[in-house]
Structure formats: C-alpha cells, structure tokens
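*Asks:* One structure coming up, written as structure tokens, with questions to follow.
The values are calculated or read from the model by the stated rules, or taken from the named source; none is laboratory data. Just so it is clear, the structure is predicted and the values come from calculations on it, not from any experiment. Positions of Cβ are backbone-derived with ideal geometry, glycine not excepted, and every protein chain shown enters the neighbour counts. Note: accessible area is taken over every heavy atom of the protein model, side chains too, but ligands, DNA and RNA are not part of it. Shrake-Rupley method; radii C 1.70, N 1.55, O 1.52, S 1.80 Å.
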Amino acid sequence: MVAIAAIATHDAYAWRMSSSPVEAPGHLGSPNVVEVSDGVYAYVQPDGSWWINNTGFLVGSRGVISIDACSTERRTRAYLAAIASVTDRPVRTLINTHHHGDHTFGNCLFAGATIVAHEATRTEMLGFGPPQPLPFWTPIDWGDLQLELPFLTYTGGVTVWSDELRCEVRYVGGPAHTTNDSIVWLPERSVLFCGDLLFHGGTPFLLMGSVTGAIEVLETVLKPLGARTIVPGHGGVTGPGLIDDVLGYLRFVLDTARAGKAAGLSPLDAARQVDLGGYADLLDAERIVGNLHRAYAELDGTPSGGQIDIVAALSDMVAYNGGKPLTCYA
C-alpha cells in the first residue's frame, strides 16, 4: 500500500494523516485507510449515507483492535482486507459503539475476536435479530451474515490496551443517537472515535435515541474531551468544530418541533414546511422527519430514549422522500 502524506486543518488544530485508498465495494468511490495517529487508523467509506459507516482499528504488537464492523458481507470483507494490507496481525478485539446494523452486522466475520459493547447494545441487537429485508430502504444485499452478539459487556465502560496505548471505551451515560452509544477515546493521542454521535456531511439521526439527550452528551461528554481528531460514524475524519455543527442542527430540530407543535402540524407537515437552510445539502435530508417524531415525543413528555412508533416515523420519512424507498448503496 502506498501512503500519501497529507496535512489536514480544521479550525485551530491540525494533524498529520496518511491516507490510502482500498478497493471500492461500490460505485461511490474507494474507502480510505487514514492513519490518524501512529498505529491508529480510520476506515472511511464514501459517501457515508444510509448503512455506509466508518470503522477504525489500532495495530499493536500482538494484534488488532477494531472499532465497529460494517453492514454487509461485501463491505466487511473489504474492511478486513484493508486491515490485512496494513498488518498481518489478527483482530483480537472488536468494539461495537452501538447496536445499529451498519456497525454490527459484520461481527460474525471477525473470527476469534472478543466482541465488546455496552450491555444494552447486546440487548438491542438480540431484539432486532440478523440482517433481514427492510421495506423502507432500496434492496440491500447483506450477504451471508449471522447474528453475532457481543459477549464481553459493560455498564459504564472498560479500558482496552494496544500495547501501552490506552483506549477508554465509555458509555455516554444516556440516550443520544441510540440508547446505548459508546465512544472510544485515546487520551494520549487526543483521538476520538465517536460512533454515530456525530455525522460529517450527513444528517444526524436521533429517531432511536433522544434529541435533548444528544445535545447533553455533545455538550457534557464530547466537548470537554478536547479531542483534536474525531472519527465520526459517517463522513470524513475531522476535528472539534464538527461538535458545534451538529449541536446547531439538533437545536434547529428542537426549534422546528416547538414551532410545528404550536402550529398544530404533524412531524411530516412540519418537515415539509420548514426551510432546512444550511442543512439542506446534508445527505439523507429525510431524517428531519424521524428527528421531529422523536422531538415531538419528548416535548409531549416521553422520556429520552422512550418508545415511540418507529414504523410510523419511517413511513413518514418515505412520504417525505416522494413515496420512494430511502436510497441505500450498501
């Protein structure tokens, strides 16, 4: 693999990255292996839309720690090949940042790895089951994948080590993107793998978590870390300015929900009437509808992460999309 050295700058910070393309699983362009710190890599899959996530891995002398899997057999095998192009050491540990299938369906391909996650991640994965046809999206070829659950779970967090490099795996404390989000924080390197708490270039999605909870987590958990380098769950490697960008969107969702409820509008009608402004160019704009369903519920007193009608919300997202299934290139 030929590495291309690059200097990337975001706001008032900079970091040195080596980025190498690997064979593309689809027509969206090649995934990139980005060395964000010595022996620490992000695996960035374009275009970061539905079911196309980022992962990451740390290379130590005795093995590899992977942060998340991918959604399909094809994409997960491409990710494993990318790891193998960097090191011949086995993946010994696989950390799941949350239960969603784009981060967990490929777990079964990490033979011999200890799968680590929050205990609620295991519960939610068990409740959803293995990959299956999803009527709200265009057809997805999952490949030959079986449900593979985490079997080392925690409630607050756990520390894993890549040689002498400390990796703090922390539950964020409450519902945000989901009810079971964790981060992987490398304090000595100021590198943060944050799962889907942050999207870069894509619309954040809170349907299965909490809008107000996500704001609290970003303000009280992510920002105080002072991370210089952030690997989001979707989109390119970036820096701390992304936290404020996502906070701006979340506050926009709450403002839209308050105004919509005051006007007697449904979440779908409020989404159709609101001007997305600077957020209109984010990928998967239909997520505004699901986010408003969650925000409406919270304004009506539903606890953060409490049950709402997910099917109704997804159906409204399809309606917002002109009645067409949501586009997925996984």
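*Asks:* Going by what's in this entry, would Tyr154 be described as at negative phi, within 17 Å of the chain's Cα centre (by Cα), surrounded by fewer than 23 Cβ atoms within 10 Å (Cβ to Cβ) and at pLDDT 95 or above?
*Replies:* On the way: at negative phi: yes; within 17 Å of the chain's Cα centre (by Cα): no; surrounded by fewer than 23 Cβ atoms within 10 Å (Cβ to Cβ): yes; at pLDDT 95 or above: yes.
Against the criterion (at negative phi, within 17 Å of the chain's Cα centre (by Cα), surrounded by fewer than 23 Cβ atoms within 10 Å (Cβ to Cβ) and at pLDDT 95 or above), Tyr154 does not qualify.
*Asks:* Still on this structure, please answer the following. Those residues that are assigned to a loop (DSSP other than H, G, I, E, B), over 19 Å from Pro135 (Cα atoms) and open to solvent by less than 30 Å² (accessible area, probe 1.4 Å), I need them from the range 291-329; list them, please.
*Replies:* Passing the criteria: Gly305, Gly306.
*Asks:* I'm checking my understanding of the structure. Among residues of the range 271-330 that are under 23 Å from Ile52 (Cα atoms) and of a type in the set (S, T, N, Q), which one is nearest to the chain's Cα centre (by Cα)?
*Replies:* Looking at the filtered set, the residue picked out is Asn291.
Conditions tested, residue by residue: (1) in a loop (DSSP other than H, G, I, E, B); (2) open to solvent by 10 Å² or more (accessible area, probe 1.4 Å); (3) in contact with a helix residue (DSSP H, G or I) (Cβ under 6 Å, 6 or more places away or on another chain).
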position: Asp47; (1), (2), (3): yes, yes, no
position: Gly56; (1), (2), (3): no, no, no
position: Arg62; (1), (2), (3): yes, yes, no
position: Ala78; (1), (2), (3): no, yes, no
position: Thr93; (1), (2), (3): no, yes, no
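*Asks:* Let me ask you something else. With (1) open to solvent by less than 10 Å² (accessible area, probe 1.4 Å); (2) among the hydrophobic types (A, V, I, L, M, F, W, C); (3) not in a strand (DSSP E or B) as the list, and Leu147 as the residue in question, which single condition is left unmet?
*Replies:* (1)
*Asks:* Within the range 203-217, track down each residue that is of a type in the set (A, V, I, L, M, F, W, C) and within 14 Å of the chain's Cα centre (by Cα).
*Replies:* Result: Phe205, Leu206, Leu207, Met208, Ala214.
*Asks:* Only residues that are on the phi > 0 side of the Ramachandran plot and out of contact with any Leu (no Cβ under 8 Å at 6 or more places or on another chain): list them for the range 129-151, please.
*Replies:* Listed by number, the list holds a single entry, Gly143.
*Asks:* For residues in the range 301-320 being free of Cβ contacts under 8 Å to residues at least 40 places away in the same chain and out of contact with any helix residue (DSSP H, G or I) (no Cβ under 8 Å at 6 or more places or on another chain), which is nearest to Trp137 (Cα to Cα)?
*Replies:* Filtering the range 301-320 for residues that are free of Cβ contacts under 8 Å to residues at least 40 places away in the same chain and out of contact with any helix residue (DSSP H, G or I) (no Cβ under 8 Å at 6 or more places or on another chain), the one nearest to Trp137 (Cα to Cα) comes out as Val311.
*Asks:* If we scan the range 212-223, do we find a residue that is in contact (Cβ under 8 Å) with a residue 60 or more places away in the chain and closer than 20 Å to Ala270 by Cβ? Show your work before the answer.
*Replies:* Just the residues of the range 212-223 that are in contact (Cβ under 8 Å) with a residue 60 or more places away in the chain, to begin with: 212-213.
Still in the list and also closer than 20 Å to Ala270 by Cβ: 212.
Yes, the range 212-223 has at least one match.
*Asks:* Tell me, which residue of the range 56-69 that is touching a residue at least 40 places away in the same chain (Cβ under 8 Å) and closer than 30 Å to Thr138 by Cβ is farthest from the chain's Cα centre (by Cα)?
*Replies:* Ser66
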